[in-house]
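I have a structure here, written as structure tokens, and I will follow up with some questions on it.
The values are calculated or read from the model by the stated rules, or taken from the named source; none is laboratory data. Every value quoted in this text rests on a predicted model; they were computed, and no experiment measured them. Neighbour counts run over all protein chains shown; Cβ positions are idealised from the backbone, glycine included.
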Amino acid sequence: MLRDELRQILEKGLRDVEADWTVPAAIINDPEMHDAERERVFGRSWVFLAHESEIPERGDYVVRYISEDQFIVCRDEDGEVRGHLNSCRHRGMQVCRAEMGNASHFRCPYHGWTYNNKGSLVGVPAGREAYGNKLDKSLWQLKPVPKLGTYKGLVFGCLDPDAPSLDDYLGDMKFYLDIVLDRSDAGLQVVGAPQRWVVDANWKLGADNFIGDAYHTMMTHRSMVELGLAPPDPKFALYGEHVHTEHGHGLGIIGPPPGIPLPEFLGMPENIVEQLQRRLSPEQVEVFRPVAFIHGTVFPNLSIGNFLMSKDHVSPPTSFLTLRLWHPIGPDKMEIMSFFLVEKEAPDWYKEESYQAYVRTFGISGAFEQDDAENWRSITRVLGAQYAKKMELNYQMGRGVYEPDPDWPGPGKAFPMDYAEANQRNFMEYWMQLMVTDPASHTGNGKVSDEAAAEALARAEA
Amino acid sequence: MTTATEITDATVREVTEWLFGEAELLDTGKYREWLDLVAEDLSYVVPLRVTREREADTDIVEGMTLMDDDWDSMEMRVLRLETEYAWAEDPPSRSRHFVTNIRVAAGEAEDELAVKSNLLLYRTRGDVATFDILSGERHDVLRRVAGGYRLAKRVVVLDQTTVMTHNLALIM
Ligand code: FES
Ligand SMILES: [Fe+2]
């Protein structure tokens, strides 16, 4: 149950985000919020686990997380992608203790129960002596992730068996995901493995930043403008569209600053541009043509960055694609997993340039991204304190400045400028709706359906 | 190609002093001076490691790294610190490079040495009473030039797979 005080903060927050365009600071770094968030947000949402290209062969696996639960995401002997809870059904031991690899079976190191990569229990040592051969192995397979879904190579899991389908959950966001994920016939490849590192910051700050915060680039990333890694206009991220959809998703699509010519289609190689024009709809092609930067978040914690950036101060820009997971490990701590992806059919020169642009500007050592972690750490520390928590945070950018863009060819609610906070409000509103919606055992309704969320909002407004 | 370069005590002492001097430059923020110690064909790589089973050939990931710099990108990092906007290191971290277990061997080229060392890097920022520690092994190639050595290659193999610092903004 939510404590009354938390509920009041959240219900007031829901009213304020609509009426005043503010968000309660208390949602950022608070242990009770974090506890509630585990079940109410991460227990119900579709959470990114892996990209299919990470497990191309039968038996390939990676270990990934939904909140604290860890899952073996593998391709089984029949080529099907599966997610098994990494916990033995006997005493709960991890049956897989590597981060990635290839295995037909997972053998528990404690007493040796052995599971195949479909999750079935196939071996119990001394089964005759210890269990009189009466243990019904079919009842003791590894727990599957309750829901597993794939969209254009992205594998998601969901702990709520009554959740809407992944397709419905992604909804209109798919139009934009396609532009990033579906440009080529053979699809994307995660190169190597994700970088993993820990930042003393709440995960929502990463999600909020990527979903719509073009505004911070002017100050936070000014060094990149000064050095010429980003376009020579400190307001380079203003010139774009700011779009969000239902279920808290959103993104910004930024073109070149006025008077600064940049290549079309993120300067991608010719063969990929040829393929994407064939694969994507005319509207998607129109949206993608002028793009120099795409940043977005799939609720809750998967972000996308597709950027045109130079690898140093003397080289021309190259585009790269990164996915990052803001994995919560406490109210004031997250692990970042940063993935680099490239079209399998891109020429080698592009793969190499794209990798270099990515690794030098983004990720743990990236000269561009470094400054973000500094901000998020500092915010998290400050907002963990009792007086600071009582603040409202200002999400009022664009208020009375511009209206939704009627001419935008894509779905969702679009605004004609990326210095905006509509996506961030939409994210926070959906997050707060999930937070005030009681789980099945309290309401008799296991679904966080749109109706339940609307009911919660109505209650909050009453 | 291995040459018969003899590794004398004097060479070991020179290399040790070079590494200690380098650590001092890095811990006192003298990055410009540090760049002067770096060869123009620098390769500076921090590999990405993952937890693998013992039977795996290596735990180093192919195709992805934590850091992969050349001279230009290193100069870019130094130039960045000289702007007013390098927030990640302004105010600067206080750092300490502890360099031990120095092993000097002949390099692949006649004028090069292959130097291994262990690194413990302590880092603390702001007034928070916490710190980060990075531990790893450095594999350097030092090239002999008039009046000393230049760093031609460095591979820093960190011991953590999930790295416990919020960014690799410091040179290791
Ligand atoms: S805990 Fe796995 S076999 Fe006992
Ligand atoms: Fe940023």
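Go through segment A:321-337 and report how many residues are surrounded by 23 or more Cβ atoms within 10 Å (Cβ to Cβ) and small (Gly, Ala, Ser).
0
A further question follows. Of all residues in segment B:128-154, which are more than 14 Å from chain A (Cβ to nearest Cβ) and either of a type in the set (Lys, Arg) or surrounded by fewer than 19 Cβ atoms within 10 Å (Cβ to Cβ) (or both)?
Narrowing segment B:128-154 to residues more than 14 Å from chain A (Cβ to nearest Cβ): B:135, B:137-153.
Hits for segment B:128-154 are B:135, B:137, B:138, B:139, B:143, B:144, B:145, B:146, B:147, B:148, B:150, B:153.
Tell me the residue from B:62, B:40 that is surrounded by fewer than 13 Cβ atoms within 10 Å (Cβ to Cβ), under 30 Å from residue A:311 (Cβ atoms) and in contact with a helix residue (DSSP H, G or I) (Cβ under 9 Å, 6 or more places away or on another chain), please. So that I can check it myself, show each step before the final result.
Numbers: B:62 fails: in contact with a helix residue (DSSP H, G or I) (Cβ under 9 Å, 6 or more places away or on another chain).
Going through B:62, B:40 in turn, the sole match is B:40.
Considering segment A:392-431 alone, what residues qualify as being in a helix (DSSP H, G or I) and touching a strand residue (DSSP E or B) at 6+ places or on another chain (Cβ under 8 Å)? I'd like the intermediate steps shown before the answer.
Start the filter on segment A:392-431 by keeping residues that are in a helix (DSSP H, G or I), which leaves A:422-431.
A:422, A:423, A:424, A:425, A:426, A:427, A:428, listed by residue number.
Return yes or no: is residue A:67 touching a residue at least 24 places away in the same chain (Cβ under 8 Å), touching a helix residue (DSSP H, G or I) at 6+ places or on another chain (Cβ under 9 Å), small (Gly, Ala, Ser) and away from ligand 1 (no atom under 16 Å from the Cβ)?
Details: touching a residue at least 24 places away in the same chain (Cβ under 8 Å): yes; touching a helix residue (DSSP H, G or I) at 6+ places or on another chain (Cβ under 9 Å): yes; small (Gly, Ala, Ser): yes; away from ligand 1 (no atom under 16 Å from the Cβ): yes.
Against the criterion (touching a residue at least 24 places away in the same chain (Cβ under 8 Å), touching a helix residue (DSSP H, G or I) at 6+ places or on another chain (Cβ under 9 Å), small (Gly, Ala, Ser) and away from ligand 1 (no atom under 16 Å from the Cβ)), residue A:67 qualifies.
Would you please list the contacts, defined by Cβ atoms under 9 Å and residues six or more apart or on different chains, that run from a residue in segment B:51-80 that is over 30 Å from residue A:316 (Cα atoms) to a residue that is of a type in the set (S, T, N, Q)?
B:51/B:161; B:52/B:58; B:59/B:51; B:59/B:161
So is residue B:141 touching a Pro at 6+ places or on another chain (Cβ under 7 Å) and of a type outside the set (Asp, Glu) or not? Please lay out each step first, then the result.
Details: touching a Pro at 6+ places or on another chain (Cβ under 7 Å): no; of a type outside the set (Asp, Glu): yes.
So residue B:141 fails the test.
Considering only residues that are within 29 Å of the chain's Cα centre (by Cα) and loosely packed, with under 15 Cβ neighbours inside 10 Å, which ones fall in segment A:123-172?
Residues of segment A:123-172 within 29 Å of the chain's Cα centre (by Cα): A:142-172.
Correct list: A:150, A:161, A:162, A:165, A:167, A:168.
One line per residue, one yes/no per condition, for (1) more than 16 Å from ligand 2 (Cβ to nearest atom); (2) more than 15 Å from residue A:60 (Cβ to Cβ); (3) away from every other protein chain (no Cβ under 14 Å):
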residue	(1), (2), (3)
A:91	yes, yes, yes
A:96	yes, no, no
A:101	yes, no, no
A:105	yes, no, no
A:109	yes, yes, no
A:113	yes, yes, yes
A:118	yes, no, yes
A:121	yes, yes, yes
A:127	yes, yes, yes
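Residues of segment A:108-122 being within 9 Å of ligand 1 (Cβ to nearest atom) and either surrounded by fewer than 16 Cβ atoms within 10 Å (Cβ to Cβ) or within 17 Å of residue A:76 (Cα to Cα) (or both), which ones?
Applying the first criterion (within 9 Å of ligand 1 (Cβ to nearest atom)) to segment A:108-122 yields A:108-114.
A:109, A:110, A:111, A:112, A:114, listed by residue number.
Looking at segment A:226-257, which of the residues that are buried (at least 19 other Cβ atoms within 10 Å of the Cβ) and within 11 Å of chain B (Cβ to nearest Cβ) is nearest to ligand 2 (Cβ to nearest atom)?
So the residue we want is A:229.
Also, quick follow-up: Residue A:334 fails exactly one of the following numbered conditions: (1) within 16 Å of ligand 2 (Cβ to nearest atom); (2) hydrophobic (A, V, I, L, M, F, W, C); (3) free of Cβ contacts under 8 Å to residues at least 12 places away in the same chain. What is the number of that condition?
All conditions pass for residue A:334, except number (3).
Right, another one. Mind checking whether some residue in segment A:73-83 is within 16 Å of ligand 1 (Cβ to nearest atom) and either within 13 Å of chain B (Cβ to nearest Cβ) or under 25 Å from residue A:51 (Cα atoms) (or both)? First the steps, then the outcome.
So in segment A:73-83, the residues within 16 Å of ligand 1 (Cβ to nearest atom) come out as none.
Checked against the condition, which is being within 16 Å of ligand 1 (Cβ to nearest atom) and either within 13 Å of chain B (Cβ to nearest Cβ) or under 25 Å from residue A:51 (Cα atoms) (or both), segment A:73-83 yields no hits at all.
Can I ask one more? Pick from segment A:1-37 the residues that are β-branched (Val, Ile, Thr) and either at pLDDT below 95 or not in a helix (DSSP H, G or I) (or both): which of them is farthest from the chain's Cα centre (by Cα)? Talk me through it step by step, then tell me what you get.
Quick first cut of segment A:1-37, residues β-branched (Val, Ile, Thr) only: A:9, A:17, A:22-23, A:27-28.
This time we only want the ones that are either at pLDDT below 95 or not in a helix (DSSP H, G or I) (or both), so: A:22-23, A:28.
Values: A:22: 23, A:23: 21, A:28: 17 Å.
That would be A:22.
Consider segment A:198-225. How many of its residues are within 13 Å of ligand 2 (Cβ to nearest atom), in contact (Cβ under 8 Å) with a residue 60 or more places away in the chain and charged (D, E, K, R)?
Counting residues in segment A:198-225 that are within 13 Å of ligand 2 (Cβ to nearest atom), in contact (Cβ under 8 Å) with a residue 60 or more places away in the chain and charged (D, E, K, R) gives 2.
Considering only segment A:253-280, how many residues are at pLDDT below 95 and hydrophobic (A, V, I, L, M, F, W, C)?
Final tally of qualifying residues: 2.
Find the residue count for segment A:57-72, including only residues that are more than 14 Å from chain B (Cβ to nearest Cβ) and either touching a Lys or Arg at 6+ places or on another chain (Cβ under 9 Å) or not hydrophobic (A, V, I, L, M, F, W, C) (or both). Talk me through it step by step, then tell me what you get.
Here is the first cut: in segment A:57-72, the residues more than 14 Å from chain B (Cβ to nearest Cβ) are A:57-58, A:66-69, A:71.
Restricting the remaining residues to those that are either touching a Lys or Arg at 6+ places or on another chain (Cβ under 9 Å) or not hydrophobic (A, V, I, L, M, F, W, C) (or both) gives A:57-58, A:67-69, A:71.
The qualifying residues number 6.
Which members of segment A:16-46 meet the condition of being more than 18 Å from residue A:202 (Cα to Cα), charged (D, E, K, R) and out of contact with any Asp or Glu (no Cβ under 6 Å at 6 or more places or on another chain)?
Hits for segment A:16-46 are A:16, A:18, A:20.
So if I check each of A:176, A:215, which one is more than 16 Å from ligand 1 (Cβ to nearest atom), under 15 Å from the mean Cα position of the chain (by Cα) and at pLDDT 95 or above?
Working: A:215 fails: under 15 Å from the mean Cα position of the chain (by Cα).
Testing whether each residue is more than 16 Å from ligand 1 (Cβ to nearest atom), under 15 Å from the mean Cα position of the chain (by Cα) and at pLDDT 95 or above leaves just A:176.
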